[in-house]
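The values are calculated or read from the model by the stated rules, or taken from the named source; none is laboratory data. If you're wondering where the values come from, they're calculated on a predicted model, not measured in any experiment. Cβ sites come from the backbone with ideal geometry, for glycine too, and all protein chains shown count toward neighbours.
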Amino acid sequence: MTGPAIVATDVTRTYELDGVSVPALRGVSLRIESTDYLAIVGTSGSGKSTLMHLLGGLDRPTSGTLLIGGRDVATLGPAEMARLRNETIGFVFQSFHLLARTTARDNVALPLVYRGVGRRERRGRAAEMLDRVGLAHRLDHRPNQMSGGEQQRVAIARALVTGPSVLLADEPTGNLDSATGQSVLALLESLNADGVAVVLVTHDKDVAARASRQIVMKDGVIVS
Ligand SMILES: Nc1ncnc2c1ncn2[C@@H]1O[C@H](COP(=O)(O)OP(=O)(O)OP(=O)(O)O)[C@@H](O)[C@H]1O
Ligand SMILES: [Mg+2]
């Protein structure tokens, strides 16, 4: 990709809940270069996940402009947004979002279905990614047959299987013991060295310190 991967300019996001407006983001400007390794930190409720959902094209700003891969999301319909996401972004959610009745391998292979990749190749690539996150022995386990850390690693493998240019990870090491957390960080670092932009949310100072850049959020704005 040439040019910045994502550019947000004075972006806000206000949730409407039972007639009450909740201003989760109150004007955020952020530029993510295609070589970036950025950590987002900040207290609970400061808007980190809300921002990540916007950066990943899962949600749209209430106001401001957001360019993903040079395209203004305000000009894209739902199908175009879905396609842009599938081609550009890998997303690791704070709460995994795995399909409960589906094996690890088929969870990881799912984004490839939307790409029209054949079943045999999907299964092969999913197994390869699961091997990379240390789960070659859990291919046929369903989420409820795996530990929290294993589910987190399945979610990471699923985010990576399409070869995204940007990986967005919301607390990717939050549920992991320190050894497994270290291996996930090493994986993110090697991806970044291979030219994938990495943005992660973390509460862990040591994890944040390993990124090349940090932003701190408070009350819906970037404070440093
Ligand atoms: N769907 C929603 N409807 C209404 N309010 C919401 C919704 N999602 C989030 N919020 C509110 O928006 C604010 C920001 O939430 P967000 O999830 O972005 O925080 P966060 O920084 O990711 O927190 P944490 O560290 O706990 O994950 C919070 O005050 C939260 O209560
Ligand atoms: Mg969050």
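For Val108, only one of the following conditions fails: (1) within 24 Å of Val201 (Cβ to Cβ); (2) over 17 Å from the mean Cα position of the chain (by Cα). What is its number?
Here Val108 meets the rest and fails (2).
Starting from residues that are under 20 Å from Asp131 (Cα atoms) and touching a helix residue (DSSP H, G or I) at 6+ places or on another chain (Cβ under 6 Å), keep the ones in the stretch 89-106 and report whichever is modelled with the lowest pLDDT.
Per the criteria, the residue is Phe96.
Does Val108 fit the bill of being touching a residue at least 24 places away in the same chain (Cβ under 8 Å), β-branched (Val, Ile, Thr) and within 16 Å of ligand 1 (Cβ to nearest atom)?
Criteria not met by Val108.
Return yes when Val221 is within 16 Å of ligand 1 (Cβ to nearest atom), touching a residue at least 40 places away in the same chain (Cβ under 8 Å) and surrounded by fewer than 19 Cβ atoms within 10 Å (Cβ to Cβ) and no when it is not.
So Val221 passes the test.
Return the pairs, sorted by first residue and then second, in which the second residue is assigned to a helix (DSSP H, G or I) and of a type in the set (Lys, Arg), the first residue lies in the stretch 134-160 and is under 21 Å from Leu188 (Cα atoms), the beta carbons are less than 8 Å apart, and the residues are 6+ apart or on different chains.
Taking only residues 6 or more apart or on different chains, the pairs are Gly134/Arg153; Leu135/Arg153; Glu150/Arg138; Val154/Arg138; Ala157/Arg132; Leu160/Arg132.
Considering only residues that are touching a residue at least 40 places away in the same chain (Cβ under 8 Å) and over 22 Å from Val201 (Cβ atoms), which ones fall in the stretch 111-131? Can you show your working first?
Our first condition is that a residue be touching a residue at least 40 places away in the same chain (Cβ under 8 Å); within the stretch 111-131, this holds for 111-112, 115.
Passing the criteria: Leu112, Arg115.
Residues that are among the small types (Gly, Ala, Ser): list the strands (runs of 3 or more DSSP E) wholly contained in the stretch 1-84 that include at least 3 such residues.
Qualifying strands (runs of 3 or more DSSP E): 20-32.
Please specify each residue of the stretch 20-37 satisfying the condition of being more than 16 Å from ligand 2 (Cβ to nearest atom) and either crowded, with 18+ Cβ neighbours inside 10 Å or acidic (Asp, Glu) (or both).
Once the filter is applied, which keeps residues that are more than 16 Å from ligand 2 (Cβ to nearest atom) and either crowded, with 18+ Cβ neighbours inside 10 Å or acidic (Asp, Glu) (or both), the stretch 20-37 yields Leu30, Ile32, Glu33, Asp36, Tyr37.
Quick one: how many residues across the stretch 157-193 are closer than 20 Å to Thr35 by Cβ, under 13 Å from the mean Cα position of the chain (by Cα) and assigned to a helix (DSSP H, G or I)?
Qualifying residue count for the region: 3.
Whether any residue in the stretch 163-179 is without any contact (Cβ under 8 Å) to a residue 12 or more places away in the chain, at negative phi and surrounded by fewer than 20 Cβ atoms within 10 Å (Cβ to Cβ) is what I want to check.
Yes, some residue in the stretch 163-179 is without any contact (Cβ under 8 Å) to a residue 12 or more places away in the chain, at negative phi and surrounded by fewer than 20 Cβ atoms within 10 Å (Cβ to Cβ).
Tell me the residue from Thr43, Thr50, Thr88 that is within 16 Å of ligand 2 (Cβ to nearest atom), within 13 Å of the chain's Cα centre (by Cα) and among the β-branched types (Val, Ile, Thr), please.
None of the other options fit; the residue is Thr50.
Let's see how each residue does on (1) in contact (Cβ under 8 Å) with a residue 24 or more places away in the chain; (2) basic (Lys, Arg):
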{"position": "Gly45", "(1), (2)": "no, no"}
{"position": "Leu51", "(1), (2)": "yes, no"}
{"position": "Gly57", "(1), (2)": "yes, no"}
{"position": "Leu67", "(1), (2)": "yes, no"}
{"position": "Glu80", "(1), (2)": "no, no"}
{"position": "Arg85", "(1), (2)": "yes, yes"}
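Residues His137, His97, His141: which one is more than 16 Å from ligand 2 (Cβ to nearest atom) and assigned to a loop (DSSP other than H, G, I, E, B)?
His141
Here's the yes/no breakdown for (1) loosely packed, with under 14 Cβ neighbours inside 10 Å; (2) of a type in the set (Asp, Glu); (3) more than 29 Å from Ile40 (Cβ to Cβ):
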{"residue": "Leu67", "(1), (2), (3)": "no, no, no"}
{"residue": "Pro78", "(1), (2), (3)": "yes, no, no"}
{"residue": "Leu84", "(1), (2), (3)": "no, no, no"}
{"residue": "Ile89", "(1), (2), (3)": "no, no, no"}
{"residue": "Leu98", "(1), (2), (3)": "no, no, no"}
{"residue": "Thr103", "(1), (2), (3)": "no, no, yes"}
{"residue": "Leu112", "(1), (2), (3)": "no, no, no"}
{"residue": "Gly116", "(1), (2), (3)": "yes, no, yes"}
{"residue": "Ala127", "(1), (2), (3)": "no, no, yes"}
